[in-house]
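These notes are about the structure you will find just below.
The values are calculated or read from the model by the stated rules, or taken from the named source; none is laboratory data. Note that the structure is a prediction, hence the values are computed from the model and not measured. Note: accessible area is taken over every heavy atom of the protein model, side chains too, but ligands, DNA and RNA are not part of it. Shrake-Rupley method; radii C 1.70, N 1.55, O 1.52, S 1.80 Å.
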Amino acid sequence: MRTLVDGREHGLVAGECGLFVNWAGRSSSYAPGSHVCWCETPLPVDDRGNTGMIAQSMPATPRLRALFREGLGCGLASSPSTDMLRNALGEALFAAWQFETVRDARPVLPEGLVKVHAFVEAHYFEPLDLARLAAVWGVTPPHLVASFRRHFGTTPMRHVWNVRTQAAIRMILRTDMPLATIAELCGYGSPFHLSRLVRRMTGHSPRGLRQRGTHQPGSVEAGHGLRTRNNALPDSAEDQSHDP
């Protein structure tokens with residue numbers, strides 16, 4: 001498969017997958033009879049220095065193939081629940097890509113720090129402070145702060161607000177809920193606070209983000225031969241019957 005990303009060509013062979021980011025345009029071509037899957041999403045952060053293939057192509061692992069299959073099983077029908085499932089599968093696919101590409105190089109994290117990190121992901125909408133997070137690990141707040149800085153390059157509470165903001169951005173992009181409701185669901189004290197952190201993370205107001213659009217459809221059938229998209233996406237050129 002050959003993919004032209006903002007004027008630069010990248011290639012995938014059978015059994016490989018790649019993650020692409022484009023800003024001006026993207027087109028892919030592949031041989032008739034090939035089986036090609038993709039998903040795509042708009043990027044909330046406008047970082048135009050980051051384009052083309054991200055990292056190197058890699059084998060389409062069983063984990064990635066399984067997520068693609070689940071996404072394809074959603075078909076083309078559109079409904080709130082189906083779109084929500086597609087979005088969740090897309091996020092899982094990007095997370096799986098990141099996991100697969102770095103798992104061999106990941107530093108070993110203390111088990112307690114992993115527990116705190118997972119706790120924040122599961123309870124970000126609740127009142128959280130250093131004392132409560134430190135109690136999850138059974139350490140003092142200063143020890144938790146030092147460990148977070150050493151392993152993640154940030155503080156525990158900054159991580160909490162990042163997780164809350166990311167969750168809020170997903171709701172802004174994918175629902176019609178008022179900002180006040182999103183702020184309450186994501187653990188913010190006020191819509192103003194939410195707006196400030198969303199703008200800090202993305203460079204856009206919540207209203208501006210919502211106007212940029214939401215769900216983008218993925219593939220259902222393969223072997224169409226040519227397509228053009230304008231979003232970031234991982235492609236899986238798996239089980240191709242011909243070389244690109």
Given a 1.4 Å probe, how much area per residue of the stretch 96-179 is accessible, in Å²?
56
I need to check one value: relative contact order of the stretch 141-195, counting alpha carbon pairs closer than 8 Å and at least 6 residues apart, in percent.
22
